[in-house]
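Each remark here refers to the structure printed beneath this line.
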Amino acid sequence: MTPLGILWFFLIFLLIAGYFVLDGFDLGAGVLYPFIAKDDKEKAIIRRAIGPVWDGNEVWLLTAGGALFAAFAPAYATTFSGFYLAIMLVLFGLILRGVSVEFAARDREWSRVWDICFFIGSLLPALLTGVAVGNIYAGIPMDAAGNYNGIPLLGLVTPFTLLCGLLGLAMFCCAGASWIALKAPATSQLRDRATKLRALLQLVALLLFVFVSIYGHFVIRPVMVPALGVVRWACVIVFLAGMVLGILWGRDERRDMHVFVAQSVAAVALTFLLATSMFPNLVVASADSIGPAITVASAASSDLALSWMTGIACIGVPLVLVYHVFVYYKFRGRLTEDDLKH
């Protein structure tokens, strides 16, 4: 297990964390869309709130997938082939979400259909991503060549993976409610509903986190690296602090940005709690698996390839960050009536 292999293990989780934070509020807003928006104006506010940024936010997911392919090809092959149907549903949802956002405001005759598509296209990735993560953490059956040999799709749904999916969905919805509260007019009923729903969802996410932690520790019983125990506890503390602070700050409209940042920090901490709990495993083998787990040592590309990737990342990631800073700065602040006319 080389230092570059370890570096890219955590860099991939950093990319996943970026997706969890940025596209997380997009997906969460889409899931909440039919329940929190009561009229066409409020629906337009939600669509406008994510419209300028949703496509750029998806870059983090694509980059994470590309990095996994280049750095740990066997892990990429196993997960993308074993979870093929689930991944196709996620991609279908992302495409449907993008199409519905663009057409909902332009095609008034089919507006209700596009509203439904927006909800479904957001729900599928938000739920199935957590289910997939739960499978990778709990373990999947593999043959001697490392190929998934369980039941397609249905074999991926267990009580634990469903809990993980619900936890992921709750976190996405918390982020979505936080973003809606941040972008909606300060005195609007939409913001009031978003803040009330945000607090409820944060409590639900905390409860699901407790269930997942207890189930994962006492039933799944993963083998963890003892040296990372301090880091894992730090991630737990940061996650809990972010969620609790979000609840405490939630009633003050002047702290909507604080709540969104706290929610984002909690999402990053949850991602790295997963990373430190799995390390050095990329894909855990279940008890009935013929093949062994796929680890950093067994799946890493050559140091030459990882060195080239590191150099490219040092150039590409700052450029992506500059793009995001520019876009979010350009579209900062709460939405107004004039914004809805464009």
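The values are calculated or read from the model by the stated rules, or taken from the named source; none is laboratory data. All of these numbers come straight from a predicted model, not from anything done at the bench. Note: ideal-geometry Cβ built from the backbone for every residue, glycine included; neighbour counts use all protein chains shown.
Scanning region 226-271 for residues that are of a type in the set (Phe, Trp, Tyr) and in contact with a Ser or Thr (Cβ under 6 Å, 6 or more places away or on another chain) yields a single hit, PHE260.
Going by the conditions given, is ALA262 over 30 Å from VAL283 (Cβ atoms), touching a helix residue (DSSP H, G or I) at 6+ places or on another chain (Cβ under 8 Å), at pLDDT 95 or above and not charged (D, E, K, R)? Spelling it out, ALA262 is indeed over 30 Å from VAL283 (Cβ atoms), touching a helix residue (DSSP H, G or I) at 6+ places or on another chain (Cβ under 8 Å), at pLDDT 95 or above and not charged (D, E, K, R). Can you find even one residue in region 280-301 that is without any contact (Cβ under 8 Å) to a residue 60 or more places away in the chain, farther than 25 Å from PHE209 by Cα and among the hydroxyl-bearing types (Ser, Thr, Tyr)? No; the residues of region 280-301 include none that is without any contact (Cβ under 8 Å) to a residue 60 or more places away in the chain, farther than 25 Å from PHE209 by Cα and among the hydroxyl-bearing types (Ser, Thr, Tyr).
Results for (1) farther than 21 Å from ILE180 by Cα; (2) within 15 Å of the chain's Cα centre (by Cα); (3) surrounded by fewer than 17 Cβ atoms within 10 Å (Cβ to Cβ); (4) not basic (Lys, Arg), shown as yes or no for each residue.
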site: GLY24; (1), (2), (3), (4): no, yes, no, yes
site: GLU42; (1), (2), (3), (4): no, no, no, yes
site: ASP55; (1), (2), (3), (4): no, yes, yes, yes
site: GLU58; (1), (2), (3), (4): no, yes, no, yes
site: TRP110; (1), (2), (3), (4): yes, no, yes, yes
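Return the residues of region 245-263 that are surrounded by fewer than 21 Cβ atoms within 10 Å (Cβ to Cβ) and either assigned to a helix (DSSP H, G or I) or in contact (Cβ under 8 Å) with a residue 60 or more places away in the chain (or both); say none if nothing qualifies. Listed by number, the residues that qualify are LEU245, ILE247, LEU248, TRP249, GLU253, ARG254, ARG255, MET257, HIS258, VAL261. The number of residues in region 272-325 that are assigned to a loop (DSSP other than H, G, I, E, B) and in contact with a strand residue (DSSP E or B) (Cβ under 8 Å, 6 or more places away or on another chain) comes to 8. Scanning region 135-161 for residues that are free of Cβ contacts under 8 Å to residues at least 40 places away in the same chain and within 23 Å of VAL223 (Cβ to Cβ) returns GLY155, THR158, THR161. Checking ALA234 against (1) surrounded by 17 or more Cβ atoms within 10 Å (Cβ to Cβ); (2) over 16 Å from LEU203 (Cα atoms); (3) not hydroxyl-bearing (Ser, Thr, Tyr), which test does it fail? The failed condition is (1).
Taken together, the criteria place PHE118 among residues that are crowded, with 19+ Cβ neighbours inside 10 Å and under 27 Å from LEU270 (Cβ atoms).
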